[in-house]
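Some notes on the structure that comes next.
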Amino acid sequence: MRLSAKSRFAVAAMIDLALRENLGPVPLNSIGLRLQISLSYLEQLFSKLRQQGLVESTRGPGGGYTLGRNTQQISVADIIRAVEGPRALQAEESSDTGEAGWQLTQDLWSGLNSRMMEHLQSIKLQQLCEEQRAKGVPPETRPASRRGIFAQRKAEAVKTTAPNSVFALAAALAGKR
């Protein structure tokens with residue numbers, strides 16, 4: 001069984017995404033800022049999550065990622081399998097011990113592995129989100145804003161002290177001599 005930092009980051013990012021799912025597509029850079037994970041690393045993780053159907057991507061201005069399934073249908077085991085590969089939650093044979101050493105403890109590790117797998121399969125993303133809300137982690141309440149080239153900026157009045165004609169410029173220059 002392999003539970004790496006990659007798995008922890010993927011689960012944390014999925015919780016963050018699920019907490020904000022009703023706001024529309026969530027950009028990866030905002031997840032990265034909140035969780036302090038680099039954008040390139042998140043892109044790698046979300047590529048694997050998208051291939052497994054756990055998230056969906058939306059391109060363009062206002063784009064980002066949304067959940068591919070309901071939070072009740074996504075387990076921690078699904079997330080780990082998506083980022084680590086299909087063999088992530090299977091028992092690994094140890095090369096440290098000889099063949100006889102592996103045979104002596106195989107039942108122990110197989111049993112432990114199957115119980116761990118059952119436990120991770122039973123933990124749903126919805127449960128993790130509810131725990132975060134109970135701890136007081138506030139979901140964002142602002143609606144997803146439009147970004148990019150379609151965003152309208154407020155025009156500010158331009159104030160200038162420069163002369164507005166050639167004659168005013170000449171008069172301003174003549175007055176300085």
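Computed from the coordinates by the stated procedures, all read-outs in this text should not be read as laboratory data. Computed from a predicted structure; not experimentally measured. No Cβ is skipped: glycine too gets one built from the backbone with ideal geometry, and neighbour counts run over all protein chains shown.
Projecting label points 7 angstrom from Cα along Cα→Cβ for Lys135 and Glu156 puts them 4.0 nm apart. Shown in residue order for the range 14-21 are the 3J(HN,Hα) couplings computed by the Karplus curve 6.51 cos²θ - 1.76 cosθ + 1.60 at θ = phi - 60°: 5, 5, 4, 5, 5, 5, 10, 5 Hz (x for Gly and Pro). The amide H of Val26, built 1.01 Å from its N in the peptide plane, has Tyr65, Thr66 as neighbours under 5 Å, considering only residues 5 or more places off or on other chains.
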